[in-house]
Amino acid sequence: MKMIEVQHLCKEYKRKIVQPGLIGGVKGFLTPQFDNFCAVDDINFQIERGESVGYVGPNGSGKSTTIKMLSGVLTPTSGKIIVDGIEPIKKRIQNNKQIGVVFGNRSQLWWDVPIIESFRVLQRLYEIPKPIFDENIEKFRDILGLEKLLNVPERQLSLGQRMRCNITAAFLHNPKIVYLDEPTIGLDAESKQRIRAFIKQMNEEKKTTFIVTSHDFQDIEALCKRIILINKGKIVVDSDMEHIRKEFTEFKRITVEVKKNAVEMARSSKAAGMNVKVVDDYHLEIIYRPEEKNPMEIMVELGKYGEIVDISITGQDIESIIQRIVTENNKDRR
């Protein structure tokens, strides 16, 4: 079942042209000139019910603009959006009752009132029946560790505590779709792990559909099986995570643990023509193309310069792959 359908979606803005110098500033004030900026340029995709999709790209690529159009905040310049059978901009109230939104740098709670009172206001806004509200509060209290936070105003909470409360607020009304924009920004490792585990649980138990935008690719790898990569307003890649790894992984990485003198080993091996990077005093890293070099030959050569304790061979992480795709795409557009 298709939960989200996007067809030929475009969003353009008019931007004022700033002219340099005092005279240019006066001219710009008296006779302003504008150009058109295309933030989202003819994109198409579909998302099935229960999918968790990473919507990624560099700053200014059009990610947040797309999310705002999907949630009914922005009106598209052209194209069509269908979310669970309705057009968000035409039926905003109906759309809002079936979606949840989390923006990592914004709160949907009230700053000076206890968290539980903010939740009760949202209960009234979303018309959540009391049994469902009480059940969800109890469940989220346990999963996200809210026990000591419910009677505390948001202004007295840490960033991680506020994010847990905001994520709870997004799920109170059992939304079918949740948009997560930088859900773990600025959080410590424990808070990130707790939030990721909660999101995965909601996806598995309730088949909630997720679109996740984040510059922390650990979020994307932990939560998503599919990636849509957007760059300069256009979709560059739309594929399963594993397919992207196989299709675009050009290099492999060998991490080597050595007994001692990692710096000296790297210096000697570089002199022999090897591409070795020092990770710390006891670890080295080698990036190589599998079709060009055999890892056993690399280890034999490296072993000439010191004692090797352990090795591990991995593919490139998804962040490195995405960065390379974006770089190549930018080159193609020049």
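A few notes on this one:
- Assessment of the stretch 241-263 against the conditions (in a loop (DSSP other than H, G, I, E, B), surrounded by 13 or more Cβ atoms within 10 Å (Cβ to Cβ) and at positive phi) yields at least one matching residue.
- Candidates in the stretch 86-102 are the residues that are touching a residue at least 40 places away in the same chain (Cβ under 8 Å) and either open to solvent by 50 Å² or more (accessible area, probe 1.4 Å) or among the small types (Gly, Ala, Ser) (or both); of these, the one that is farthest from residue 165 (Cα to Cα) is 97.
- The residues of the stretch 182-215 that are under 22 Å from residue 83 (Cβ atoms), open to solvent by 20 Å² or more (accessible area, probe 1.4 Å) and touching a Ser or Thr at 6+ places or on another chain (Cβ under 8 Å), listed by number, are 182, 203.
- With respect to (1) open to solvent by 80 Å² or more (accessible area, probe 1.4 Å); (2) over 24 Å from the mean Cα position of the chain (by Cα), the lone exception for residue 218 is condition (2).
- Any hit, the stretch 52-72, residues being open to solvent by 20 Å² or more (accessible area, probe 1.4 Å), under 23 Å from residue 321 (Cα atoms) and touching a helix residue (DSSP H, G or I) at 6+ places or on another chain (Cβ under 9 Å): yes
- Total residues in the stretch 131-180 satisfying the condition of being open to solvent by 20 Å² or more (accessible area, probe 1.4 Å), within 20 Å of the chain's Cα centre (by Cα), modelled with pLDDT under 90 and under 27 Å from residue 48 (Cα atoms): the figure is 1.
- Total residues in the stretch 282-332 satisfying the condition of being acidic (Asp, Glu), over 25 Å from residue 221 (Cβ atoms) and part of a helix (DSSP H, G or I): the figure is 3.
- Taking (1) within 30 Å of residue 327 (Cβ to Cβ); (2) surrounded by 13 or more Cβ atoms within 10 Å (Cβ to Cβ); (3) charged (D, E, K, R); (4) over 22 Å from the mean Cα position of the chain (by Cα) in turn, residue 35 satisfies each apart from (2).
The values are calculated or read from the model by the stated rules, or taken from the named source; none is laboratory data. What you see is a predicted model; the values in this text were computed from it and never measured. Please note: Cβ atoms are built from the backbone with ideal geometry, for glycine as well, and neighbour counts cover all protein chains shown. Remember, those area values only see protein heavy atoms, side chains included, never the ligands or the DNA or RNA. Shrake-Rupley method; radii C 1.70, N 1.55, O 1.52, S 1.80 Å.
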